[in-house]
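Single-structure report; data block below.
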Amino acid sequence: MEAKSEMAEPIPAAAVASVFGNDDLLREILLRLGFPTRLVRAAAVSKRWLRNASDPGFLCRFRHPYPFGLLGFCIRTAGHPRALFVPMMPQAPELVTFIRRGGFDLPDGAEDVWDCRGGRLVVSAVGGRYAVCSPLYPARGVATFPSPCIIPGTVRRPLISGDDGDHTAVALVVGGKGVWVHLSDLQARDDGAALELVTLPRYWGICPKFGLLTYGNLYMISIAGHIIGLDLPTRSLFYIDLPEGVSGVNFKLSRAEGTGFYLIQVKEFQIHIWLHSTGNNAGNWDLVDTICLHQVLGNLAHPTWLSEGAVTQVAAVGDNADFLFLRIEYEVFYMHKRSRAVEKVYELQEPDCDIHPFMMVWPPTFPALDDGLSG
């Protein structure tokens, strides 16, 4: 006798509607998609799905549990005059395809990467100028923006602000006559954009290699033991004392959700993470995490590093201090803060490097609400 195949009974339409018609349940389903690319595709189902997927509160929840978004990092060393892109592996198959389609070779005439934000790179260009490129979208081409007056021997530090989609370039120019801040709107892609210069007191001793631009404030590290703040809308200056026990410039700053920022320091083979929640000169520092490198590195650590005081540096930090790149002697490690997972990602020929993490664009770009989508 021929066996009868068992057929699953169809799910009643009312049961389906009770699930997908409930916004709370729908958001729980969307949270489990895992990647922004999948979330964008799901948002195209209907206007209701789009409203839920693009809601700012939901996006905060979607981003929180996943370490997604880090596609790789740009690294420059003394032995490599041009910055290289190193992909992080393993990646989800769809992200591998995404990376392969990108154009990560620097534009002609560019050698160094100065900053990375929102899927864009600020790179050095010919004639002391700077250019902005979008490796994930090579068809967008390269946009250049003007530099302030070039003074022989000066150092310029461009940064990108990715806050609320308002990409603004800021260049610090350190010369014999002082320090200037150059604001330029990259969205205009216009060399004729007006320049606004703010003179800072020379005695503050700005370290031109480090800076952070976030939520309308520019933070600069001073070699005098302070963080110098510039409120961009008002052009007002303020300073923030470093946390107790922190000195020098061997630390990094990281954007925090809302206002404020993190300070990440390595000292005596321990990582200390501090949060300054207000973002201005008010408020105090909170020590929010301490990580023992000897424990998290495990077998990856050289037996003599701790006893001989190996040179350890925070090479780069992700937003919200979610992850770190550490340089220990001639090796570069990636560490995910929450899981404490560590992996070696690069071996240096010289004990120095400059690293810029390359992230997926966040928040995702969703389709516009129109009549083409059903309710």
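The values are calculated or read from the model by the stated rules, or taken from the named source; none is laboratory data. Note that the coordinates shown come from a computational prediction; the quantities given were computed from them, not determined experimentally. Here the Cβ is made from the backbone with ideal geometry for all residues, glycine too, and neighbour counts use every protein chain on show. Keep in mind that these areas ignore ligands, DNA and RNA; they rest on the heavy atoms of the full protein, side chains included. Shrake-Rupley method; radii C 1.70, N 1.55, O 1.52, S 1.80 Å.
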### Message
Please verify whether G225 is open to solvent by 20 Å² or more (accessible area, probe 1.4 Å) and within 23 Å of the chain's Cα centre (by Cα), treating the condition exactly as stated.
### Response
no
### Query
Any idea which residue in region 29-53 is modelled with the lowest pLDDT, counting only those that are assigned to a loop (DSSP other than H, G, I, E, B) and within 21 Å of L95 (Cα to Cα)?
G34
### Query
Which condition number in (1) within 30 Å of F62 (Cβ to Cβ); (2) modelled with pLDDT under 80; (3) open to solvent by less than 10 Å² (accessible area, probe 1.4 Å) is the one that L200 fails?
(1)
#### Entry: Test for A110: is it at negative phi and surrounded by fewer than 18 Cβ atoms within 10 Å (Cβ to Cβ)
no
### First in region 210-224 and within 15 Å of V122 (Cβ to Cβ), second anywhere and outside any strand (DSSP E or B) and small (G, A, S), Cβ under 6 Å, 6 or more apart
L213/S161
### Query
Which of (1) of a type outside the set (A, V, I, L, M); (2) at pLDDT 90 or above; (3) over 23 Å from the mean Cα position of the chain (by Cα) does Y262 not meet, given it meets every other one?
(3)
### Task
Report whether or not L121 is part of a strand (DSSP E or B) and either buried (at least 18 other Cβ atoms within 10 Å of the Cβ) or modelled with pLDDT of 80 or more (or both).
yes
### Query
Within region 33-46, which residues are in contact with a Ser or Thr (Cβ under 8 Å, 6 or more places away or on another chain) and either closer than 18 Å to C60 by Cβ or buried (at least 17 other Cβ atoms within 10 Å of the Cβ) (or both)?
V40, A43
## Note on the structure
With the first residue restricted to region 281-304 and required to be within 12 Å of R340 (Cα to Cα) and assigned to a helix (DSSP H, G or I), and the second required to be open to solvent by 50 Å² or more (accessible area, probe 1.4 Å) and at pLDDT 90 or above, Cβ contacts under 7 Å at 6 or more apart or on different chains are L293/Q270; V296/R340
### Query
For region 316-334, what are the residues that are open to solvent by 10 Å² or more (accessible area, probe 1.4 Å) and either in contact (Cβ under 8 Å) with a residue 24 or more places away in the chain or not charged (D, E, K, R) (or both)?
V317, D319, N320, D322, F323, R327, E329, Y330, Y334
### Query
Could you say whether any residue in region 126-147 is modelled with pLDDT under 80, among the hydroxyl-bearing types (S, T, Y) and either in a helix (DSSP H, G or I) or touching a Pro at 6+ places or on another chain (Cβ under 7 Å) (or both)?
yes
### Summary
Selection from region 355-375 of residues among the aromatic types (F, W, Y), touching a Gly at 6+ places or on another chain (Cβ under 8 Å) and either over 22 Å from F98 (Cβ atoms) or modelled with pLDDT of 80 or more (or both) yields F358
### Boolean, A368 is farther than 19 Å from E268 by Cβ, more than 19 Å from the chain's Cα centre (by Cα) and among the aliphatic types (A, V, I, L, M)
yes
### Query
Based on what the data block shows, is P243 at pLDDT 90 or above, in a loop (DSSP other than H, G, I, E, B) and more than 19 Å from L324 (Cα to Cα)?
yes
#### Entry: Yes/no for R82 being at pLDDT below 90 and either open to solvent by less than 80 Å² (accessible area, probe 1.4 Å) or in contact with a Cys (Cβ under 6 Å, 6 or more places away or on another chain) (or both)
no
### Summary
Of those in region 270-280 that are surrounded by fewer than 19 Cβ atoms within 10 Å (Cβ to Cβ) and in a loop (DSSP other than H, G, I, E, B), the residue modelled with the highest pLDDT is S277
### Query
If S254 satisfies every condition in (1) among the hydroxyl-bearing types (S, T, Y); (2) assigned to a loop (DSSP other than H, G, I, E, B); (3) open to solvent by less than 40 Å² (accessible area, probe 1.4 Å) but one, which is the exception?
(2)
### Task
Evaluate region 338-354: report whether one residue or more is assigned to a strand (DSSP E or B), modelled with pLDDT of 95 or more and open to solvent by less than 10 Å² (accessible area, probe 1.4 Å).
no
